[in-house]
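The values are calculated or read from the model by the stated rules, or taken from the named source; none is laboratory data. Keep in mind the model is a prediction, meaning the values are calculated, not measured. Positions of Cβ are generated from backbone atoms using ideal geometry, with glycine treated the same way; all protein chains shown enter the neighbour counts. Heavy atoms of the whole protein, side chains included, go into the accessibility calculation; ligands, DNA and RNA do not. Shrake-Rupley method; radii C 1.70, N 1.55, O 1.52, S 1.80 Å.
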Amino acid sequence: MNAIVFDHVSKRFGDVLAVDELSLTIAAGATVALLGPNGAGKSTSIGMLLALSRPTRGTIAVHGRTPERAVLAGEVGAMLQQGELIPELSVRELVELVRRLYPAPLGLAEVLELAGLTELARRRAGGLSGGQAQRVRFALALAGAPRLLLLDEPTAAMDVESRRRFWDSMRAYAAGGRTVLFASHYLAEAEEHADRVIVIAGGRVVADGTAAQIKAGAGGQVVRFALGEQPAAGLDRLPGVTAVEVGAGIATLRTRDTDATLAALYRDTALDVRDLELSGLDEAFLALTGRS
Ligand SMILES: Nc1ncnc2c1ncn2[C@@H]1O[C@H](COP(=O)(O)OP(=O)(O)OP(=O)(O)O)[C@@H](O)[C@H]1O
Ligand SMILES: [Mg+2]
């Protein structure tokens, strides 16, 4: 059973083609990251899944029916990028309000716990910090126990601890066989929390696979360390390495398989490796999205 099917979907706003002939299928139960730079079409795609707007062309199916029907049946929950909370209501009242709209919601205590709001239940929404308000939006997305959860840049404004709790809760929620689609700008976030990463740019899919496949497809990651006066000979023969640069006592290796490269670097060379840095997730992402 597919949770989501986009079949040649385009969405035009005047001169802007926000989504351009997008076709993709997401299986029920998957956790998928929709990755792309500003203006890629992530929020527009999520909006169409929620029936907030209609495709200019093509069709979208959610659990085999139209988005309108799936939303009306209470099958979809969402955390949007914008969205005001009613400031006079308490956190608890807001969650209750949304729970009542769904046929088989989660329990109130469970929602508050999952979103890390148990202690804030009596607080008025209007007085919450940005990160706390974001947790309330997460609670409202979960409250109806939707089979499909759509999260548009869910961790924006959250501090490190809130993020960690948020992702733990998202996983716990997804573990029940539910489908989660979240939009993000960060390949690292996608790598850590999604089974599958769909990269879009200019309204089109530019890469689709596991985070490892996407990194490899974009030319891999970069391993950099201080070499000092030591010879660089042999670095280009390490497994996974596709390019080596040495300058000012710093070695920079491009690799398609960071794990294999690092293991061999420590195991098979006698080099004294210092100040090791890994980077390239952002570079991989830029390479992909810049290409379109
Ligand atoms: N209601 C609208 N009217 C006109 N243009 C729009 C509208 N909504 C989106 N767009 C345009 O469509 C394109 C895609 O926007 P969208 O919000 O889907 O991007 P996004 O991937 O969510 O970006 P971000 O990372 O900044 O949230 C952008 O060029 C945007 O300006
Ligand atoms: Mg957006």
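Annotations for the structure displayed:
- Each peptide in 62-72, 191-201 gets a packing score, the mean of other Cβ atoms within 10 Å over its residues, and the list from highest to lowest is 191-201, 62-72.
- Asp7/Val273 FRET efficiency (R0 51 Å; Cβ-Cβ; nearest 0.05): 0.55
- One chain, two ends: Tyr186 and Tyr102. Fully extended at 0.36 nm per residue, the span grows by 27.0 nm beyond their Cα-Cα distance.
- Candidates Ser23, Ser184, Ser45: whichever shows maximal mean-square fluctuation once the chain is modelled as a Gaussian network with Cα springs under 10 Å: Ser23
- FRET E, pair Ser53, Gln82, Förster distance 25 Å, beta-carbon r, rounded to 0.05: 0.95
- Label zone at Arg171, where the point sits 7 Å out along the Cα-to-Cβ direction: segment 183-204 residues whose backbone N lies under 17 Å: 188-197
- Spatially, segment 212-286 and segment 53-115 are offset by 45 Å when compared through their Cα centroids.
- For the chain, calculated [θ]222 nm from helices alone, where every DSSP H run of n ≥ 4 adds -39500 (n - 2.57): -9000 deg cm²/dmol
- Average accessible area per residue (Å²) across the chain - probe 1.4 Å, nucleic acids and ligands excluded: 48
- Relative to the current alpha-carbon distance between Arg164 and Asp236, full extension at 0.36 nm per residue lengthens the span by 22.2 nm.
- If you run the Gaussian network model on the chain, springs between alpha carbon atoms under 10 Å, then out of Pro231, Pro146, Pro87 the most flexible one is Pro231.
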